[in-house]
Amino acid sequence: MSHVFARHSTAKVRRASIGKGAYIYDADGKEYFDGSGGAAVSCLGHGDPDVIAAIQEQVAQLAYAHTSFFTSDPAEELADRLIAKAPGDLEKVYFVSGGSEAVEAALKLARQYFVEIGQPGRRHFIARRQSYHGNTLGALATGGNVWRKQAFAPIMVETSLISPCYTYRGQQDGESAFDYGQRVANELEAELLRLGPETVIGFVAEPVVGATLGAVPPVEGYFKRVREICDQYGILLILDEVMCGMGRTGSLFAHEQEGITADIVTIAKGLGAGYQPIGAMMCTAQIHQAIADGTGFFQHGHTYIGHPTACAAGNAVVKKLTGGLVDQCAAMGVKLQDALQAEFGQHPNIGDIRGRGLFLGLEIVADRGSKAPFAPSDGVNKKVKQTAMSNGLACYPMGGTMDGQNGDHVLLAPPFIMEDKHVDEIVGKLKKTFDEVL
């Protein structure tokens, strides 16, 4: 009997034993291609010698120092490295242990910013349905993932939710992609006016929606309109790049491809590539200066923020990402998406293939023509996950794609180090899985 509190008390999970490159091996020696990087985490694959060496060197020198007493060289170096590559006016980095912590920090900083500048009446956040921003109470409340929130709704703050930019389900007949994007972006303005613009703190969104929708990118012009609305009404644009950032979509920051800047950005997952738990919240000079000129104290903190060993790992990872691996991710993403389109583009049960870089999703439907989903009781996403694992492919299927209850998709987020042969392996194992399940 295991004494580990598992995610699901009746699920039988394999015991991971060894990680090598793009593969994980269980205790019985069975090989699995890591087709989702866990949850879009392992962008460098497993066993990277440079990251391991950086961690070992840092642990030997200084494993931990509390940030109320000290900063550290790894934290300073990683912050400098990130800011040098960040778009817009991002100037300060607040290191945490993961994505949910990064979003919590972003929400609290956004609120404190308005308190510091004399606008304490701002209290509302606006986000999107079918989004996911983390599992701590503040982050969970801000997201639009219905089934994750349901049990905890009575103890969460209320967040306004508008439509996602989800062309497969939302674009109307005869409506151009651009017009659709403008229409759903304008829901932000309508909700602002309903709440009272002077009461709103900010808009929170994933540039490319990850787990809940399955790698859904925005249409051209959507985020430019969102930025205009935020500027017009003086609210903050908070972009959650925990899953889609750090090169995953083919640029170091996902929102670079939208031609916009953000006030606050959250990153994690690929920042540490799974070698250490680390995330970060980044903000503009203007926001930080408001704190500095006011109380001078960000009323937030965790024991492991700015962890030297985690930052050393992040430094090694970002060096690799900016040394050519982000470009490789973009190129391999095109190859993988083309291969998926060739194999499944006309599949009767695959309604949509989408994404950017090595962040790709396939939406599963009962009928391609009508886009009708399988019944939730069919448990299609669970069957796909189990069957894919049996076929040696770890991928990320999810349910509730359409509305939190109906719909299924598969998310793929393989390591950036993958090769051409791995494209064939992913598609082949996915085909075998779909043949067996669908």
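For the range 351-358, the criterion of a residue being open to solvent by less than 40 Å² (accessible area, probe 1.4 Å) and among the basic types (Lys, Arg) is satisfied by at least one position. Only residues that are touching a strand residue (DSSP E or B) at 6+ places or on another chain (Cβ under 7 Å) and either free of Cβ contacts under 8 Å to residues at least 60 places away in the same chain or within 27 Å of residue 57 (Cβ to Cβ) (or both) were counted in the range 308-336, giving 1. Remark: residue 95 matches the filter, which requires a residue to be part of a strand (DSSP E or B), at pLDDT 95 or above, in contact with a strand residue (DSSP E or B) (Cβ under 8 Å, 6 or more places away or on another chain) and aromatic (Phe, Trp, Tyr).
For the range 25-45, name all the residues that are within 22 Å of the chain's Cα centre (by Cα) and open to solvent by 40 Å² or more (accessible area, probe 1.4 Å). Across the range 25-45, the qualifying residue is only 38. Pairs meeting the criteria (first residue in the range 240-253 and over 19 Å from residue 103 (Cβ atoms) and in a loop (DSSP other than H, G, I, E, B), second residue open to solvent by 10 Å² or more (accessible area, probe 1.4 Å) and among the small types (Gly, Ala, Ser), beta carbons under 9 Å, at least 6 apart or on different chains) are 247/330; 247/357; 250/330; 250/331; 250/357; 251/330; 251/357; 252/86. Being over 25 Å from the mean Cα position of the chain (by Cα) and either closer than 23 Å to residue 249 by Cα or in a strand (DSSP E or B) (or both) is the filter here; which residues of the range 1-24 pass it? Scanning the range 1-24 gives 17, 18.
Checking each residue of the range 312-327 against the condition of being open to solvent by 50 Å² or more (accessible area, probe 1.4 Å) and β-branched (Val, Ile, Thr) gives at least one match.
For the subset of the range 177-203 comprising residues that are more than 24 Å from the chain's Cα centre (by Cα) and among the small types (Gly, Ala, Ser), which member is most open to solvent (accessible area, probe 1.4 Å)? Checking each candidate, the answer is 190. When the range 388-422 is examined, which residues are found to be open to solvent by less than 30 Å² (accessible area, probe 1.4 Å), under 14 Å from residue 359 (Cα atoms) and not β-branched (Val, Ile, Thr)? Once the filter is applied, which keeps residues that are open to solvent by less than 30 Å² (accessible area, probe 1.4 Å), under 14 Å from residue 359 (Cα atoms) and not β-branched (Val, Ile, Thr), the range 388-422 yields 395, 397, 409, 411, 412, 413, 414, 415, 416, 418.
Being touching a Pro at 6+ places or on another chain (Cβ under 8 Å), among the hydroxyl-bearing types (Ser, Thr, Tyr), open to solvent by 10 Å² or more (accessible area, probe 1.4 Å) and in contact (Cβ under 8 Å) with a residue 12 or more places away in the chain: is that true of residue 233 here? For residue 233, the condition - touching a Pro at 6+ places or on another chain (Cβ under 8 Å), among the hydroxyl-bearing types (Ser, Thr, Tyr), open to solvent by 10 Å² or more (accessible area, probe 1.4 Å) and in contact (Cβ under 8 Å) with a residue 12 or more places away in the chain - is met.
The values are calculated or read from the model by the stated rules, or taken from the named source; none is laboratory data. Keep in mind that what you see is a predicted model, and the values were worked out from it rather than measured. Positions of Cβ are generated from backbone atoms using ideal geometry, with glycine treated the same way; all protein chains shown enter the neighbour counts. Surface areas here come from the heavy atoms of the whole protein model, side chains and all, with no ligands, DNA or RNA. Shrake-Rupley method; radii C 1.70, N 1.55, O 1.52, S 1.80 Å.
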